[in-house]
Amino acid sequence: MIKEILKNLAGRKNAIAIPDLLTMPSSEAPNFVNLHKSVDRIFCRSLRIRLVDAGSCNACEWECTALTNPIYDIQRFGIDFVASPRHADVLLGTGPVSRQMELALKKTYLAIPEPRLVIACGDCAIDGGIYRGSYAVANGVANVIPVDCYIPGCPPTPMQIISGILRLIESLH
Ligand code: SF4
């Protein structure tokens, strides 16, 4: 049904672009049923994410923001972004971790109640990306706090981010 809705939208003048769900090979598309069931079972229907922009170019944040729009709508799975790390289960870090953000990233991580999980989202967050080797960055989230899941891409698409979250949840089984 969602495919039909998206096709109808795409057929309209000035319609939004068809998200990559329709162009993704089925083997790579996230299994939404599993995602919903896993959030229900493991996180009691509520998985909360604190996003920390650790010096990104902002494109990764835009893709994360798209997760809550009516197309991707991750809130229907019980997943949402929160402002306070005290309310979060997961820290999602973007950017290469600029030296100015290093302490803030550590403090945010420590403020999340245990057991906490960390996602490094985007090539910069994985190893510094295009900023790698600069004196001004820590070359990725894992050099500052422990990382449980990596989502590559520059920036990763919303579908790739959803797949990464699902991968992380499934690794907890
Ligand atoms: S991975 Fe790409 S899009 Fe994301 S912060 Fe780095 S340069 Fe920007």
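Within 14 Å, Cβ to Cβ, of Val82, how many net charges do the neighbouring residues add up to if Lys/Arg are +1 and Asp/Glu are -1? It would help to have the intermediate numbers written out before the result.
Details: positive: Arg48, Arg50, Arg86, Arg116; negative: Asp80, Asp89.
Neighbourhood net charge equals +2.
Give a residue-ordered list of calculated ³J(HN,Hα) values for segment 123-133 (Karplus: 6.51 cos²θ - 1.76 cosθ + 1.60, θ = phi - 60°; whole Hz; x for Gly, Pro).
3J(HN,Hα) across segment 123-133, in whole Hz: 4, 5, 5, 6, 8, x, x, 6, 9, 4, x.
Quick one: Cα centre-to-centre distance for segment 134-173 and segment 43-101, in angstrom?
Here the two parts' Cα centres lie 11 Å apart.
Using a Förster radius of 25 Å, what is the FRET efficiency between Leu103 and Ile130 based on their Cβ-Cβ separation? Nearest 0.05, please.
Rounded to the nearest 0.05, the efficiency is 0.60.
Rounded to whole Hz and in sequence order, give me ³J(HN,Hα) for segment 49-58 from the Karplus expression 6.51 cos²θ - 1.76 cosθ + 1.60, θ = phi - 60°, writing x for Gly and Pro.
10, 9, 8, 10, 7, 9, x, 7, 7, 5
Out of all DSSP beta bridges in segment 28-170, what portion is antiparallel? Express it as a percent rounded to 5. Working shown, then result.
Numbers: 1 of 17 bridges.
Of the beta bridges lying entirely in segment 28-170, close to 5 percent run antiparallel.
Sticking with the crude label model, points 7 Å out along Cα→Cβ, report the distance from Asp73 to Asn34 in nm, one decimal please.
Distance between label points: 2.3 nm.
May I ask you to evaluate 6.51 cos²θ - 1.76 cosθ + 1.60, the Karplus curve with θ = phi - 60°, for each residue of segment 144-149 and list the ³J(HN,Hα) values in order in whole Hz, giving x for glycine and proline?
10, 9, x, 10, 9, 8
Around Pro115, what is the net charge, scoring Lys/Arg as +1 and Asp/Glu as -1 over all other residues with Cβ under 15 Å from its Cβ? Before the final figure, lay out each step's value.
Numbers: positive: Arg48, Arg50, Arg86, Arg116; negative: Asp89, Glu114, Asp148.
Surrounding charge for Pro115 is +1.
Please compute the contact order of segment 28-170 in relative form: average sequence separation of alpha-carbon pairs under 8 Å and at least six residues apart, divided by the residue count, as a percent.
26 percent
Find out how many positive minus negative residues lie around Cys64, taking Lys and Arg as positive, Asp and Glu as negative, among other residues whose Cβ is under 12 Å from that of Cys64.
So the environment of Cys64 carries a net charge of -3.
Using a 7 Å offset from the Cα along the Cα-to-Cβ direction at both Asp148 and Glu114, what is the distance between the two label points in nm, to one decimal?
So the label points at Asp148 and Glu114 sit 1.3 nm apart.
On alpha-carbon atoms, Rg over Rh for segment 28-170 using Kirkwood Rh?
Radius of gyration relative to Kirkwood radius: 0.95.
Quick note: the coordinates plus some simple rules give every number you see, no bench work behind them. Note that this is a predicted model, so its numbers are computed, not measured. Neighbour counts run over all protein chains shown; Cβ positions are idealised from the backbone, glycine included.
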